[in-house]
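Have a look at the structure below before the remarks.
The values are calculated or read from the model by the stated rules, or taken from the named source; none is laboratory data. Quick caveat: nothing in here was measured; it's all calculated off a predicted structure. Cβ: placed from backbone, ideal geometry, glycine included. Neighbour counts: every protein chain shown. To get the accessible areas, we keep the full protein, side chains included, count just its heavy atoms, and leave off ligands, DNA and RNA. Shrake-Rupley method; radii C 1.70, N 1.55, O 1.52, S 1.80 Å.
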Amino acid sequence: MAAIFDMTRRVTMHDTSGDKLLAEFMEEDEDMEYTVQKRAPTVALSVDKLPDSILTSIFSYLPARQVLVVSSVCRRWRNIAWNPNLWRFVSFRPSYGGLQVANVEHFTHLIGTRFVDMRNVELATDLITPTVLYEMANKCARLQHLTLDFSTAMQLHDFTDLQSFPSRLRSLTICLSENIFLEGFLRKVYTFISSVEILHIIGTYEKVEDEEEEVYETVNIFKLKQFLPNLRVVNLWGVPFITDDHVDAISSNCAHLECLSVNYCAKVTGSCLKLVLQRCKKLRCLFLAHTKLDDNIVKTIEWEKTRIEELDIKGTELSSDSIIHILSRLTHLRWLDASWLEAFNDVVLESWMNSGAFCKLEYLNLDTCDSLNESSLVDMINRHGSQLQGLNLGGHHKLLEYFWMNMIPQLKNIRVLVMGIAEDCCPKVVAKIHVDQFIDCIAQNCPKLSRLEIRWDDETLRFSDKSSKFIDVLRMKCLKLHSIVLSDGQYYELVRSNFERADRMSVVRTTEMCRTGHLHCSRYYDKLLFN
(Lines give C-alpha, C1' and ligand atoms only; values in the text may rest on other atoms or scores of the structure.)
Protein backbone atom coordinates (compact mmCIF):
# COMPACT_ATOMS: atom_id res chain seq x y z
CA MET A 1 0.00 0.00 0.00
CA ALA A 2 2.82 2.39 0.88
CA ALA A 3 4.48 1.60 -2.45
CA ILE A 4 1.32 2.61 -4.34
CA PHE A 5 1.09 5.96 -2.57
CA ASP A 6 4.83 6.59 -3.08
CA MET A 7 4.55 5.83 -6.77
CA THR A 8 1.61 8.24 -7.10
CA ARG A 9 3.56 10.96 -5.32
CA ARG A 10 6.56 10.62 -7.61
CA VAL A 11 4.39 10.74 -10.72
CA THR A 12 2.58 13.84 -9.50
CA MET A 13 5.82 15.69 -8.85
CA HIS A 14 7.25 14.94 -12.33
CA ASP A 15 8.54 18.04 -14.20
CA THR A 16 10.53 18.88 -17.36
CA SER A 17 13.63 20.30 -15.69
CA GLY A 18 15.80 17.88 -17.67
CA ASP A 19 14.42 19.18 -20.97
CA LYS A 20 15.08 22.79 -19.94
CA LEU A 21 18.72 22.01 -19.12
CA LEU A 22 19.11 20.28 -22.48
CA ALA A 23 17.70 23.30 -24.36
CA GLU A 24 20.08 25.68 -22.56
CA PHE A 25 22.98 23.36 -23.38
CA MET A 26 22.08 23.45 -27.10
CA GLU A 27 21.80 27.26 -27.16
CA GLU A 28 25.23 27.68 -25.61
CA ASP A 29 26.90 25.28 -28.07
CA GLU A 30 25.28 26.29 -31.39
CA ASP A 31 28.69 26.87 -33.09
CA MET A 32 30.09 23.46 -32.20
CA GLU A 33 30.69 20.93 -34.99
CA TYR A 34 28.36 18.35 -33.47
CA THR A 35 24.72 18.77 -32.69
CA VAL A 36 22.80 17.55 -29.76
CA GLN A 37 19.41 16.03 -30.49
CA LYS A 38 16.61 16.63 -28.07
CA ARG A 39 15.67 13.41 -26.29
CA ALA A 40 12.30 11.82 -26.91
CA PRO A 41 9.75 12.64 -24.24
CA THR A 42 9.32 9.83 -21.73
CA VAL A 43 5.90 8.45 -20.98
CA ALA A 44 5.04 9.19 -17.36
CA LEU A 45 4.37 6.00 -15.40
CA SER A 46 1.43 6.32 -13.08
CA VAL A 47 -0.74 4.04 -11.01
CA ASP A 48 -3.64 5.69 -12.83
CA LYS A 49 -2.57 3.82 -15.96
CA LEU A 50 -3.45 0.48 -14.35
CA PRO A 51 -6.84 -0.92 -15.33
CA ASP A 52 -9.55 -1.32 -12.73
CA SER A 53 -9.19 -5.10 -12.75
CA ILE A 54 -5.53 -4.88 -11.69
CA LEU A 55 -6.27 -2.37 -8.92
CA THR A 56 -9.10 -4.59 -7.70
CA SER A 57 -6.69 -7.51 -7.55
CA ILE A 58 -4.18 -5.42 -5.59
CA PHE A 59 -6.80 -4.20 -3.13
CA SER A 60 -8.00 -7.77 -2.55
CA TYR A 61 -4.85 -8.42 -0.50
CA LEU A 62 -5.79 -5.67 1.96
CA PRO A 63 -7.85 -6.23 5.11
CA ALA A 64 -11.22 -4.52 5.34
CA ARG A 65 -9.87 -1.61 7.41
CA GLN A 66 -7.23 -0.80 4.79
CA VAL A 67 -9.76 -0.98 1.98
CA LEU A 68 -11.67 1.77 3.77
CA VAL A 69 -8.48 3.85 3.95
CA VAL A 70 -7.80 3.29 0.24
CA SER A 71 -11.30 4.45 -0.64
CA SER A 72 -10.49 7.98 0.59
CA VAL A 73 -7.61 8.53 -1.87
CA CYS A 74 -9.65 9.56 -4.90
CA ARG A 75 -13.02 9.03 -6.56
CA ARG A 76 -11.77 6.24 -8.83
CA TRP A 77 -10.24 4.31 -5.96
CA ARG A 78 -13.43 4.82 -3.98
CA ASN A 79 -15.50 3.23 -6.75
CA ILE A 80 -13.09 0.31 -6.94
CA ALA A 81 -13.00 -0.12 -3.16
CA TRP A 82 -16.79 -0.45 -3.09
CA ASN A 83 -16.61 -3.40 -5.49
CA PRO A 84 -18.51 -6.29 -3.81
CA ASN A 85 -15.67 -8.66 -4.77
CA LEU A 86 -13.47 -6.96 -2.16
CA TRP A 87 -15.97 -7.62 0.63
CA ARG A 88 -16.27 -11.39 0.51
CA PHE A 89 -14.88 -11.84 4.01
CA VAL A 90 -15.84 -9.25 6.60
CA SER A 91 -15.67 -9.32 10.38
CA PHE A 92 -17.88 -6.97 12.38
CA ARG A 93 -16.47 -8.06 15.75
CA PRO A 94 -14.34 -5.17 17.09
CA SER A 95 -13.05 -7.35 19.95
CA TYR A 96 -11.24 -9.51 17.38
CA GLY A 97 -9.99 -6.80 15.04
CA GLY A 98 -13.19 -6.45 13.03
CA LEU A 99 -15.00 -3.32 11.87
CA GLN A 100 -17.08 -1.25 14.28
CA VAL A 101 -20.58 -0.48 12.97
CA ALA A 102 -21.82 2.87 14.26
CA ASN A 103 -25.13 2.98 12.38
CA VAL A 104 -27.02 -0.30 12.13
CA GLU A 105 -29.59 1.13 9.69
CA HIS A 106 -26.89 2.26 7.27
CA PHE A 107 -25.18 -1.12 7.62
CA THR A 108 -28.45 -2.86 6.76
CA HIS A 109 -28.74 -0.75 3.62
CA LEU A 110 -25.19 -1.66 2.55
CA ILE A 111 -25.97 -5.38 2.70
CA GLY A 112 -27.93 -5.08 -0.54
CA THR A 113 -25.21 -3.09 -2.34
CA ARG A 114 -21.69 -3.50 -1.06
CA PHE A 115 -22.00 -6.97 0.54
CA VAL A 116 -24.03 -8.85 -2.06
CA ASP A 117 -21.05 -11.09 -2.90
CA MET A 118 -20.16 -11.83 0.72
CA ARG A 119 -19.05 -15.41 1.49
CA ASN A 120 -17.89 -15.18 5.11
CA VAL A 121 -19.20 -12.80 7.78
CA GLU A 122 -18.77 -12.44 11.55
CA LEU A 123 -21.44 -10.56 13.48
CA ALA A 124 -21.21 -9.09 16.97
CA THR A 125 -24.19 -9.26 19.32
CA ASP A 126 -25.64 -5.85 18.46
CA LEU A 127 -25.80 -6.76 14.75
CA ILE A 128 -27.63 -10.06 15.24
CA THR A 129 -31.10 -8.66 14.60
CA PRO A 130 -34.08 -9.93 12.58
CA THR A 131 -33.61 -7.16 10.01
CA VAL A 132 -29.91 -7.86 9.43
CA LEU A 133 -30.45 -11.61 9.18
CA TYR A 134 -33.40 -11.11 6.83
CA GLU A 135 -31.36 -8.86 4.53
CA MET A 136 -28.46 -11.32 4.44
CA ALA A 137 -30.79 -14.20 3.67
CA ASN A 138 -32.31 -12.36 0.71
CA LYS A 139 -29.38 -10.30 -0.59
CA CYS A 140 -26.29 -12.46 0.09
CA ALA A 141 -26.99 -15.52 -2.02
CA ARG A 142 -23.39 -16.79 -1.81
CA LEU A 143 -22.98 -16.57 1.96
CA GLN A 144 -21.48 -19.84 3.22
CA HIS A 145 -19.76 -19.08 6.55
CA LEU A 146 -21.54 -17.29 9.37
CA THR A 147 -20.32 -16.46 12.89
CA LEU A 148 -22.80 -15.30 15.52
CA ASP A 149 -21.03 -13.92 18.59
CA PHE A 150 -23.29 -13.86 21.65
CA SER A 151 -20.36 -13.92 24.11
CA THR A 152 -20.86 -10.30 25.20
CA ALA A 153 -24.66 -10.38 25.18
CA MET A 154 -26.54 -8.97 28.16
CA GLN A 155 -29.88 -9.69 26.51
CA LEU A 156 -31.09 -10.79 23.08
CA HIS A 157 -33.12 -8.94 20.49
CA ASP A 158 -36.70 -9.98 19.92
CA PHE A 159 -36.69 -12.62 17.18
CA THR A 160 -40.46 -13.13 17.11
CA ASP A 161 -40.68 -11.57 13.64
CA LEU A 162 -37.68 -13.45 12.21
CA GLN A 163 -38.99 -15.21 9.12
CA SER A 164 -35.83 -15.74 7.09
CA PHE A 165 -32.24 -16.84 7.70
CA PRO A 166 -29.28 -17.67 5.37
CA SER A 167 -30.13 -21.13 4.07
CA ARG A 168 -27.03 -22.13 2.10
CA LEU A 169 -24.55 -22.08 4.95
CA ARG A 170 -21.65 -24.50 4.93
CA SER A 171 -20.20 -23.39 8.28
CA LEU A 172 -21.96 -22.03 11.37
CA THR A 173 -20.16 -20.69 14.46
CA ILE A 174 -22.02 -19.81 17.65
CA CYS A 175 -20.12 -18.12 20.48
CA LEU A 176 -22.07 -18.70 23.67
CA SER A 177 -22.81 -16.35 26.52
CA GLU A 178 -22.48 -17.38 30.14
CA ASN A 179 -26.17 -17.13 30.96
CA ILE A 180 -28.09 -16.08 27.83
CA PHE A 181 -30.34 -18.90 26.58
CA LEU A 182 -30.45 -19.17 22.78
CA GLU A 183 -33.32 -21.62 22.37
CA GLY A 184 -35.79 -18.90 21.40
CA PHE A 185 -33.48 -17.68 18.65
CA LEU A 186 -32.51 -21.14 17.41
CA ARG A 187 -36.13 -22.23 17.22
CA LYS A 188 -36.53 -19.68 14.42
CA VAL A 189 -33.52 -20.87 12.42
CA TYR A 190 -33.64 -24.65 12.80
CA THR A 191 -35.31 -25.20 9.42
CA PHE A 192 -32.69 -23.11 7.57
CA ILE A 193 -29.46 -24.81 8.68
CA SER A 194 -29.74 -28.34 7.29
CA SER A 195 -26.94 -27.61 4.77
CA VAL A 196 -24.36 -26.88 7.51
CA GLU A 197 -21.32 -29.18 7.35
CA ILE A 198 -19.08 -27.47 9.91
CA LEU A 199 -20.43 -26.56 13.35
CA HIS A 200 -18.51 -24.57 15.98
CA ILE A 201 -20.00 -24.04 19.41
CA ILE A 202 -17.56 -21.95 21.40
CA GLY A 203 -18.03 -21.91 25.16
CA THR A 204 -16.89 -19.74 28.04
CA TYR A 205 -14.01 -21.89 29.31
CA GLU A 206 -11.68 -18.91 29.77
CA LYS A 207 -14.24 -17.05 31.89
CA VAL A 208 -14.97 -19.87 34.34
CA GLU A 209 -13.22 -19.15 37.63
CA ASP A 210 -14.95 -21.44 40.11
CA GLU A 211 -15.61 -25.03 39.07
CA GLU A 212 -18.48 -25.27 41.54
CA GLU A 213 -20.43 -22.31 40.21
CA GLU A 214 -23.68 -23.03 38.39
CA VAL A 215 -23.32 -23.80 34.69
CA TYR A 216 -26.25 -23.06 32.38
CA GLU A 217 -27.08 -25.17 29.34
CA THR A 218 -27.55 -22.21 27.04
CA VAL A 219 -28.01 -24.31 23.87
CA ASN A 220 -30.23 -27.36 23.53
CA ILE A 221 -27.82 -29.78 21.85
CA PHE A 222 -30.35 -32.61 21.79
CA LYS A 223 -32.73 -30.56 19.67
CA LEU A 224 -30.09 -28.86 17.57
CA LYS A 225 -28.64 -32.15 16.32
CA GLN A 226 -31.96 -33.11 14.71
CA PHE A 227 -31.60 -30.34 12.14
CA LEU A 228 -27.93 -30.95 11.20
CA PRO A 229 -27.78 -34.24 9.29
CA ASN A 230 -24.86 -33.26 7.05
CA LEU A 231 -22.23 -32.42 9.65
CA ARG A 232 -18.66 -33.40 8.79
CA VAL A 233 -16.80 -31.34 11.41
CA VAL A 234 -18.02 -30.65 14.96
CA ASN A 235 -16.01 -28.41 17.27
CA LEU A 236 -17.31 -28.03 20.82
CA TRP A 237 -14.57 -25.86 22.33
CA GLY A 238 -14.61 -25.09 26.03
CA VAL A 239 -18.34 -25.58 26.53
CA PRO A 240 -18.70 -26.16 30.29
CA PHE A 241 -22.03 -28.01 30.18
CA ILE A 242 -21.10 -30.50 27.42
CA THR A 243 -21.14 -34.11 28.64
CA ASP A 244 -20.81 -37.49 26.99
CA ASP A 245 -24.58 -37.54 26.48
CA HIS A 246 -24.40 -34.42 24.31
CA VAL A 247 -21.56 -35.85 22.20
CA ASP A 248 -23.46 -39.11 21.84
CA ALA A 249 -26.57 -37.23 20.72
CA ILE A 250 -24.71 -35.33 18.01
CA SER A 251 -23.06 -38.47 16.64
CA SER A 252 -26.39 -40.30 16.41
CA ASN A 253 -27.40 -38.09 13.50
CA CYS A 254 -24.03 -37.60 11.78
CA ALA A 255 -23.14 -40.52 9.55
CA HIS A 256 -20.68 -38.33 7.61
CA LEU A 257 -18.74 -37.06 10.65
CA GLU A 258 -14.99 -36.84 9.93
CA CYS A 259 -13.67 -34.61 12.72
CA LEU A 260 -14.83 -34.33 16.33
CA SER A 261 -13.26 -31.87 18.78
CA VAL A 262 -14.30 -31.52 22.43
CA ASN A 263 -11.21 -29.73 23.65
CA TYR A 264 -11.55 -28.18 27.12
CA CYS A 265 -14.94 -29.78 27.74
CA ALA A 266 -14.14 -30.83 31.29
CA LYS A 267 -17.20 -33.01 31.82
CA VAL A 268 -16.43 -35.42 28.97
CA THR A 269 -15.14 -38.74 30.34
CA GLY A 270 -15.08 -40.77 27.13
CA SER A 271 -18.13 -42.98 27.80
CA CYS A 272 -19.61 -41.79 24.50
CA LEU A 273 -16.60 -42.72 22.37
CA LYS A 274 -17.44 -46.37 21.88
CA LEU A 275 -20.77 -45.60 20.24
CA VAL A 276 -19.38 -42.59 18.38
CA LEU A 277 -16.62 -44.65 16.77
CA GLN A 278 -19.06 -47.42 15.86
CA ARG A 279 -21.55 -45.07 14.23
CA CYS A 280 -19.17 -42.68 12.49
CA LYS A 281 -17.11 -44.90 10.21
CA LYS A 282 -15.64 -41.86 8.44
CA LEU A 283 -14.22 -40.33 11.62
CA ARG A 284 -10.52 -39.50 11.07
CA CYS A 285 -9.77 -36.76 13.59
CA LEU A 286 -10.48 -36.91 17.34
CA PHE A 287 -9.49 -34.05 19.66
CA LEU A 288 -9.88 -34.73 23.40
CA ALA A 289 -7.46 -32.24 24.95
CA HIS A 290 -7.98 -31.40 28.64
CA THR A 291 -10.99 -33.66 29.06
CA LYS A 292 -11.53 -36.03 32.01
CA LEU A 293 -10.95 -39.30 30.14
CA ASP A 294 -11.53 -42.37 32.31
CA ASP A 295 -8.97 -45.19 32.08
CA ASN A 296 -11.47 -48.02 32.45
CA ILE A 297 -13.74 -46.61 29.77
CA VAL A 298 -10.92 -45.98 27.29
CA LYS A 299 -9.70 -49.58 27.60
CA THR A 300 -13.07 -50.96 26.50
CA ILE A 301 -12.90 -49.22 23.10
CA GLU A 302 -11.80 -51.27 20.08
CA TRP A 303 -9.43 -48.69 18.67
CA GLU A 304 -8.03 -51.12 16.08
CA LYS A 305 -11.37 -51.06 14.23
CA THR A 306 -11.28 -47.31 13.72
CA ARG A 307 -9.64 -45.18 11.03
CA ILE A 308 -8.38 -42.45 13.35
CA GLU A 309 -5.46 -40.55 11.78
CA GLU A 310 -5.23 -37.57 14.13
CA LEU A 311 -5.51 -37.74 17.91
CA ASP A 312 -5.15 -35.08 20.61
CA ILE A 313 -5.00 -36.33 24.22
CA LYS A 314 -3.04 -33.38 25.58
CA GLY A 315 -3.41 -32.61 29.28
CA THR A 316 -5.53 -35.65 30.11
CA GLU A 317 -4.91 -37.87 33.13
CA LEU A 318 -4.67 -41.20 31.33
CA SER A 319 -2.50 -43.93 32.83
CA SER A 320 0.41 -45.54 31.02
CA ASP A 321 -1.62 -48.69 30.33
CA SER A 322 -4.43 -46.69 28.78
CA ILE A 323 -2.04 -44.74 26.53
CA ILE A 324 -0.44 -48.00 25.38
CA HIS A 325 -3.89 -49.49 24.75
CA ILE A 326 -4.81 -46.57 22.51
CA LEU A 327 -1.60 -45.95 20.58
CA SER A 328 -0.66 -49.57 19.91
CA ARG A 329 -4.03 -50.12 18.17
CA LEU A 330 -4.22 -46.98 16.02
CA THR A 331 -2.43 -48.31 12.95
CA HIS A 332 -3.42 -45.33 10.75
CA LEU A 333 -2.18 -42.61 13.13
CA ARG A 334 -0.20 -39.82 11.42
CA TRP A 335 -0.67 -36.89 13.87
CA LEU A 336 -0.47 -37.07 17.67
CA ASP A 337 -0.48 -34.46 20.41
CA ALA A 338 0.41 -36.18 23.71
CA SER A 339 1.96 -33.17 25.43
CA TRP A 340 1.73 -32.62 29.19
CA LEU A 341 1.13 -36.31 29.94
CA GLU A 342 2.93 -37.44 33.11
CA ALA A 343 2.19 -41.09 32.34
CA PHE A 344 3.83 -40.98 28.90
CA ASN A 345 7.10 -42.73 29.83
CA ASP A 346 9.77 -44.96 28.30
CA VAL A 347 7.59 -48.06 28.58
CA VAL A 348 4.79 -46.38 26.63
CA LEU A 349 7.12 -45.23 23.87
CA GLU A 350 8.85 -48.60 23.56
CA SER A 351 5.55 -50.53 23.52
CA TRP A 352 4.15 -48.17 20.92
CA MET A 353 7.13 -48.60 18.58
CA ASN A 354 7.19 -52.39 19.01
CA SER A 355 3.49 -52.65 18.15
CA GLY A 356 4.12 -51.45 14.60
CA ALA A 357 1.57 -48.65 14.91
CA PHE A 358 4.31 -46.00 14.75
CA CYS A 359 5.09 -46.65 11.10
CA LYS A 360 2.79 -43.97 9.60
CA LEU A 361 3.34 -41.23 12.18
CA GLU A 362 4.46 -37.88 10.74
CA TYR A 363 3.77 -35.31 13.46
CA LEU A 364 4.50 -35.93 17.14
CA ASN A 365 4.11 -33.50 20.06
CA LEU A 366 5.66 -34.68 23.34
CA ASP A 367 6.02 -31.25 24.91
CA THR A 368 6.79 -31.46 28.66
CA CYS A 369 6.47 -35.23 28.97
CA ASP A 370 8.98 -35.30 31.82
CA SER A 371 8.91 -39.07 32.35
CA LEU A 372 10.70 -39.77 29.07
CA ASN A 373 14.46 -40.38 29.18
CA GLU A 374 17.03 -39.40 26.62
CA SER A 375 17.86 -42.99 25.64
CA SER A 376 14.26 -43.75 24.63
CA LEU A 377 14.01 -40.63 22.50
CA VAL A 378 17.35 -41.42 20.85
CA ASP A 379 16.05 -44.87 19.95
CA MET A 380 12.81 -43.40 18.57
CA ILE A 381 14.57 -40.88 16.33
CA ASN A 382 17.13 -43.42 15.09
CA ARG A 383 14.33 -45.77 14.09
CA HIS A 384 11.72 -43.34 12.80
CA GLY A 385 13.40 -39.93 12.44
CA SER A 386 13.35 -39.99 8.64
CA GLN A 387 9.54 -40.21 8.52
CA LEU A 388 8.89 -37.38 11.00
CA GLN A 389 7.85 -34.01 9.59
CA GLY A 390 7.01 -32.41 12.91
CA LEU A 391 8.62 -33.02 16.32
CA ASN A 392 8.08 -31.10 19.55
CA LEU A 393 10.41 -32.07 22.39
CA GLY A 394 10.29 -28.76 24.22
CA GLY A 395 10.17 -28.70 28.01
CA HIS A 396 12.65 -31.60 28.41
CA HIS A 397 15.48 -30.41 30.64
CA LYS A 398 17.48 -33.59 29.93
CA LEU A 399 17.78 -32.95 26.18
CA LEU A 400 20.79 -30.70 25.73
CA GLU A 401 23.47 -29.98 23.18
CA TYR A 402 24.83 -33.51 22.78
CA PHE A 403 21.39 -34.98 22.13
CA TRP A 404 20.34 -32.49 19.48
CA MET A 405 23.67 -32.42 17.63
CA ASN A 406 23.39 -36.19 17.15
CA MET A 407 19.67 -36.30 16.40
CA ILE A 408 19.22 -33.40 13.98
CA PRO A 409 21.03 -35.25 11.11
CA GLN A 410 18.41 -38.01 11.46
CA LEU A 411 15.55 -35.55 10.84
CA LYS A 412 16.06 -35.00 7.12
CA ASN A 413 12.37 -34.37 6.35
CA ILE A 414 11.51 -32.27 9.39
CA ARG A 415 9.29 -29.23 8.83
CA VAL A 416 8.40 -28.23 12.39
CA LEU A 417 10.95 -28.51 15.22
CA VAL A 418 10.70 -27.38 18.85
CA MET A 419 13.50 -27.74 21.41
CA GLY A 420 14.66 -26.30 24.73
CA ILE A 421 13.03 -25.37 28.00
CA ALA A 422 11.68 -21.97 29.00
CA GLU A 423 13.44 -19.99 31.72
CA ASP A 424 10.52 -20.20 34.14
CA CYS A 425 10.37 -24.02 34.02
CA CYS A 426 11.86 -26.29 36.65
CA PRO A 427 14.37 -27.79 36.99
CA LYS A 428 16.58 -25.06 35.62
CA VAL A 429 19.08 -25.97 32.90
CA VAL A 430 22.61 -25.63 34.29
CA ALA A 431 24.61 -26.54 31.19
CA LYS A 432 25.36 -23.96 28.50
CA ILE A 433 24.07 -24.42 24.95
CA HIS A 434 26.24 -23.35 22.01
CA VAL A 435 23.51 -22.26 19.65
CA ASP A 436 25.80 -21.59 16.66
CA GLN A 437 26.42 -25.33 16.30
CA PHE A 438 22.68 -25.98 16.40
CA ILE A 439 21.97 -23.42 13.72
CA ASP A 440 24.68 -24.75 11.43
CA CYS A 441 23.59 -28.36 11.96
CA ILE A 442 19.95 -27.49 11.18
CA ALA A 443 20.94 -25.54 8.08
CA GLN A 444 23.00 -28.43 6.73
CA ASN A 445 20.48 -31.21 7.44
CA CYS A 446 16.94 -29.79 7.42
CA PRO A 447 16.24 -28.10 4.06
CA LYS A 448 12.45 -28.48 4.41
CA LEU A 449 12.25 -26.72 7.79
CA SER A 450 9.45 -24.14 7.97
CA ARG A 451 9.02 -23.54 11.73
CA LEU A 452 11.68 -23.58 14.44
CA GLU A 453 11.39 -22.81 18.15
CA ILE A 454 14.35 -22.65 20.56
CA ARG A 455 13.15 -21.93 24.10
CA TRP A 456 16.43 -21.61 26.02
CA ASP A 457 16.99 -18.14 27.42
CA ASP A 458 20.03 -15.86 27.03
CA GLU A 459 21.63 -17.13 30.22
CA THR A 460 21.71 -20.65 28.80
CA LEU A 461 22.58 -19.89 25.17
CA ARG A 462 26.15 -19.15 24.13
CA PHE A 463 26.95 -17.50 20.79
CA SER A 464 30.01 -15.89 19.22
CA ASP A 465 30.87 -12.88 17.10
CA LYS A 466 30.50 -15.09 14.02
CA SER A 467 26.90 -15.98 14.78
CA SER A 468 25.64 -13.81 11.93
CA LYS A 469 27.40 -16.06 9.42
CA PHE A 470 25.64 -19.13 10.78
CA ILE A 471 22.32 -17.31 10.64
CA ASP A 472 23.06 -16.35 7.03
CA VAL A 473 23.62 -20.01 6.21
CA LEU A 474 20.33 -20.96 7.87
CA ARG A 475 18.49 -18.28 5.93
CA MET A 476 20.01 -19.36 2.61
CA LYS A 477 19.71 -23.12 3.12
CA CYS A 478 16.22 -23.29 4.67
CA LEU A 479 14.32 -21.31 2.07
CA LYS A 480 10.91 -22.42 3.37
CA LEU A 481 11.59 -21.10 6.87
CA HIS A 482 8.97 -18.52 7.84
CA SER A 483 8.89 -18.74 11.64
CA ILE A 484 11.70 -18.72 14.22
CA VAL A 485 10.61 -18.36 17.85
CA LEU A 486 13.31 -17.43 20.39
CA SER A 487 13.46 -16.29 23.97
CA ASP A 488 13.70 -12.52 24.22
CA GLY A 489 17.28 -11.31 24.62
CA GLN A 490 20.50 -10.52 22.78
CA TYR A 491 20.43 -13.57 20.53
CA TYR A 492 16.83 -12.85 19.53
CA GLU A 493 17.82 -9.29 18.56
CA LEU A 494 20.74 -10.61 16.54
CA VAL A 495 18.64 -13.08 14.57
CA ARG A 496 15.82 -10.63 14.04
CA SER A 497 18.11 -7.92 12.66
CA ASN A 498 19.69 -10.45 10.29
CA PHE A 499 16.36 -11.47 8.78
CA GLU A 500 15.11 -7.88 8.65
CA ARG A 501 18.13 -6.86 6.59
CA ALA A 502 17.06 -9.53 4.11
CA ASP A 503 13.53 -8.01 3.99
CA ARG A 504 12.03 -10.94 5.87
CA MET A 505 10.42 -8.83 8.53
CA SER A 506 7.99 -11.22 10.23
CA VAL A 507 10.04 -14.41 10.49
CA VAL A 508 11.63 -14.00 13.95
CA ARG A 509 9.33 -13.83 16.99
CA THR A 510 9.59 -14.15 20.77
CA THR A 511 8.31 -16.93 23.01
CA GLU A 512 6.35 -14.30 24.93
CA MET A 513 4.11 -13.69 21.92
CA CYS A 514 4.22 -16.96 19.98
CA ARG A 515 4.29 -20.71 20.46
CA THR A 516 5.02 -23.30 17.82
CA GLY A 517 2.67 -26.26 17.59
CA HIS A 518 1.49 -28.88 15.12
CA LEU A 519 -2.16 -27.94 14.83
CA HIS A 520 -1.58 -26.21 11.49
CA CYS A 521 -0.39 -29.59 10.14
CA SER A 522 -3.77 -31.17 10.79
CA ARG A 523 -5.80 -31.90 7.68
CA TYR A 524 -8.75 -30.22 9.36
CA TYR A 525 -6.89 -27.14 10.54
CA ASP A 526 -8.75 -24.69 8.27
CA LYS A 527 -12.08 -26.17 9.29
CA LEU A 528 -11.30 -25.97 13.02
CA LEU A 529 -10.36 -22.29 12.99
CA PHE A 530 -12.57 -19.83 14.84
CA ASN A 531 -12.12 -16.26 16.09
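What is the diffusion coefficient of the chain in µm²/s, taking the Kirkwood radius over Cα pairs and the Stokes-Einstein relation at 25 °C with a viscosity of 0.890 mPa s?
It comes out at roughly 90 µm²/s.
Between Asn179 and Glu317, what is the label-point separation in nm under the 7 Å Cα-to-beta-carbon projection?
Rounded to a tenth, the inter-label distance reads 2.9 nm.
Given a Förster radius of 51 Å and the C-beta distance between Val347 and Gln226 as r, what FRET efficiency does 1/(1 + (r/R0)^6) yield to the nearest 0.05?
On the way: r = 46 Å, r/R0 = 0.89.
With R0 = 51 Å, the Cβ-Cβ based efficiency is 0.65.
Looking at this model, which pairs from Lys225/Lys281; Lys281/Lys480; Lys281/Lys412; Lys223/Lys292; Lys412/Lys466 are more than 29 angstrom apart at the alpha-carbon?
Lys281/Lys480; Lys281/Lys412
Which percent of the accessible heavy-atom area of the stretch 181-306 goes to carbon and sulfur, probe 1.4 angstrom?
47
Any chance you could run the full-extension gain for Glu401 through Val378? It's 0.36 nm times the residue separation minus the Cα-Cα distance, nm to one decimal.
Answer, rounded to one decimal: 7.0 nm.
Sorted by average packing, counted as other Cβ atoms within 10 angstrom per residue and highest first, what order do 253-265, 46-58 take?
253-265, 46-58
Given a 1.4 angstrom probe, I'd like the percentage of the accessible area of the stretch 56-160 that is carbon and sulfur, rounded to a whole number.
Exposed carbon and sulfur together represent 50 percent of the surface.
Quick one: which residues, 5+ away or cross-chain, put their amide H under 5 Å from the amide H of Ser194? H built at 1.01 Å from N.
none
Just the accessible area per residue of the chain, please: how many Å² with a 1.4 Å probe? Display every interim value, and only then the final one.
On the way: 26170 Å² over 531 residues.
Accessible area per residue, the chain: 49 Å².
Find how much the distance from Val69 to Thr152 grows on full extension, using 0.36 nm per residue of separation minus their present alpha carbon separation; answer in nm with one decimal.
27.0 nm
What residues qualify as long-range amide H neighbours of Leu293, i.e. H under 5 Å apart, gap of 5 or more or another chain, H built at 1.01 Å from N?
Glu317
Given the DSSP H assignment, sum -39500 (n - 2.57) over each helix run of at least 4 residues in the chain and divide by its residue total; what's the result at 222 nm in deg cm²/dmol, nearest 500?
Mean residue ellipticity at 222 nm (helix-derived): -8500 deg cm²/dmol.
In terms of the Cα gyration tensor, with a ≥ b ≥ c the square roots of its eigenvalues, is the stretch 92-204 rounded because a/c is under 1.5, prolate because a/b exceeds b/c, or oblate? Write out the running numbers ahead of the final one.
Values: a/c = 1.32, a/b = 1.12, b/c = 1.18.
Since a/c stays below 1.5, the shape of the stretch 92-204 is classed as rounded.
If you take the square roots of the eigenvalues of the alpha-carbon gyration tensor of the stretch 400-531 and sort them as a ≥ b ≥ c, do you get rounded (a/c under 1.5), prolate (a/b over b/c) or oblate?
Rounded is the answer for the stretch 400-531, as its axis ratio a/c remains below 1.5.
Using modelled backbone amide H atoms (1.01 Å from N, in-plane), which distant-in-sequence or interchain residues come within less than 5 Å of Thr173's amide H?
Here the answer is Leu146, Thr147, Leu148, His200, since their amide H atoms fall under 5 Å of that of Thr173.
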